[in-house]
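Each value in this text was obtained by applying a stated rule to the coordinates, not by laboratory testing. What you are looking at is a predicted structure, and each value in this text was computed from that prediction instead of being measured. For neighbour counting, all protein chains shown are included, and Cβ atoms are generated from backbone atoms with ideal geometry for every residue, glycine included.
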Amino acid sequence: MIPMIHMHHGIQVVAGEPHETDDAIVIEDRFELFLNDRFVTGMVASRDQLKELGAGYVINEGLVRCVDKVSVDGDRILVYSDTGCDLKWAKQEVGSSGGLSFITPPQRVVSDVRVSPDDVIAITREIETELWRKTGGVHCSVLFCNGQLLAKSSDVGRHNTVDKLVGYAALNHIDLSRCVIGCTGRQPAGMVRKSAHAGIPIIISRAASTDKGIAAADAAGITLIGFSRQDRFTIYTHPDRVMLRGRD
């Protein structure tokens, strides 16, 4: 089994008193992603769900619509798709996380999926993984369909957690237009565009959004929910997908 954490010695200070401690620290790795044998980008990620990460990245960045095959060769993630785009024409930008993103306008998301406030709270409650519980050093995302938890992911990068879930869905032929994604991470435009390219209609985040993240969700037809914590949350766009008392 590939190690995801290592123990690191430190000095913990509590109320001014120092104590020896050994903390579980998440391991950060680097990978190279290739699409149809052409280099796409370098990636900083956690070393698990790498096939899903590769498949999800190329879909979520709007480079392809589907993936035919993914393999991992050491630190190289090799993705193959018959619908691959010509990378030399793909516009690029540095995303809010400092990583490379592609500027590809997503299609508008169409879905009749709806959730109740209890659904939002239940999904939020599941947004954690064993790696997060051990280290506190990763972001987490979850994928739900028809009220059922389909998959979880965690990674040192919040963008990667969404890529891993979309890749899981693509490799398992899951209709993402019927799904809801829950995230620990903030929702700037780049994060929202990933869900839009994948066709996910509802995003639930424990964290905040940005103005451009909200604008991207509104334009893409996505229901964006932020600050989902305990029994409260804020709906920023397309509230018709949330079944609220007095609004139906």
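Positive end of the charge dipole of the chain (Lys, Arg +1 and Asp, Glu -1 on Cβ, about the Cα centre): tell me which of THR237, HIS139, SER71 has its Cα farthest that way. It is THR237. Estimated purely from DSSP H runs of n ≥ 4, each contributing -39500 (n - 2.57), the mean residue ellipticity at 222 nm for the chain is -7000 deg cm²/dmol once divided by its residues. Extending 7 Å from the Cα toward the beta-carbon at both VAL14 and LYS69 defines two label points whose distance is 5.5 nm.
Across GLN49, GLN187, GLN148, mean-square fluctuation computed from a Gaussian network of the chain (C-alpha pairs under 10 Å connected) peaks at GLN148.
Residue-wise HN-Hα couplings along segment 72-78, as the Karplus relation 6.51 cos²θ - 1.76 cosθ + 1.60 with θ = phi - 60° gives them from phi, are 10, 10, x, 9, 10, 9, 10 Hz; Gly and Pro carry x. When both bridge partners sit in the chain, DSSP labels roughly 75% of those beta bridges antiparallel.
Remark: segment 117-241 carries a charge dipole of roughly 300 debye about the Cα centre, counting +1 on each Lys and Arg Cβ and -1 on each Asp and Glu Cβ. Which whole-Hz couplings ³J(HN,Hα) result when phi for each residue of segment 226-238 is put into the Karplus expression 6.51 cos²θ - 1.76 cosθ + 1.60, θ = phi - 60°, listed in order with x for Gly and Pro? So the Karplus estimates, Gly and Pro as x, are x, 6, 7, 9, 6, 10, 9, 6, 10, 9, 9, 9, 6 Hz.
Remark: the chain carries a charge dipole of roughly 720 debye about the Cα centre, counting +1 on each Lys and Arg Cβ and -1 on each Asp and Glu Cβ.
Between GLN107 and PHE39, the C-beta separation translates, for a Förster distance of 35 Å, into a calculated FRET efficiency of about 0.85. Listed by chain and number, the aspartates and glutamates whose alpha-carbon sits under 19 Å from that of LYS69, ignoring those within fewer than 8 places in the same chain, are GLU32, ASP37, ASP48, GLU52, GLU61, ASP82, ASP86, ASP163, ASP175.
Compute the Cα gyration tensor for segment 117-241, then decide on rounded, prolate or oblate, letting a ≥ b ≥ c be the square roots of its eigenvalues: rounded whenever a/c is under 1.5, prolate when a/b is larger than b/c in the other cases, and oblate in all that remain.
Cα axes put segment 117-241 in the rounded bin.
Over 21 Å between Cα atoms, which of LYS152/LYS212; LYS152/LYS194; LYS164/LYS194; LYS134/LYS194 qualify? Listed pairs above 21 Å: LYS152/LYS212; LYS134/LYS194. In this structure the amide hydrogen of SER209, modeled in the peptide plane, comes within under 5 Å of the amide hydrogens of GLN187, none closer than 5 places in sequence on its chain.
Labels on offer are [x] 1.04; [y] 1.09; [z] 0.99, and the one holding Rg/Rh (Cα atoms, Kirkwood Rh) computed from this structure is [z].
Across the chain, C-alpha contacts under 8 Å between residues 6 or more apart give a mean separation that, scaled by the residue count, equals a relative contact order of 18 percent.
Using the Karplus relation 6.51 cos²θ - 1.76 cosθ + 1.60 with θ = phi - 60°, the per-residue 3J(HN,Hα) values for segment 110-115 come to 10, 6, 9, 5, 9, 10 Hz, with x marking Gly and Pro. Name the residue, out of HIS159, HIS173, HIS238, whose mean-square fluctuation peaks in a Gaussian network model built on the chain with Cα pairs under 10 Å. Of the options given, HIS173 has the highest mean-square fluctuation.
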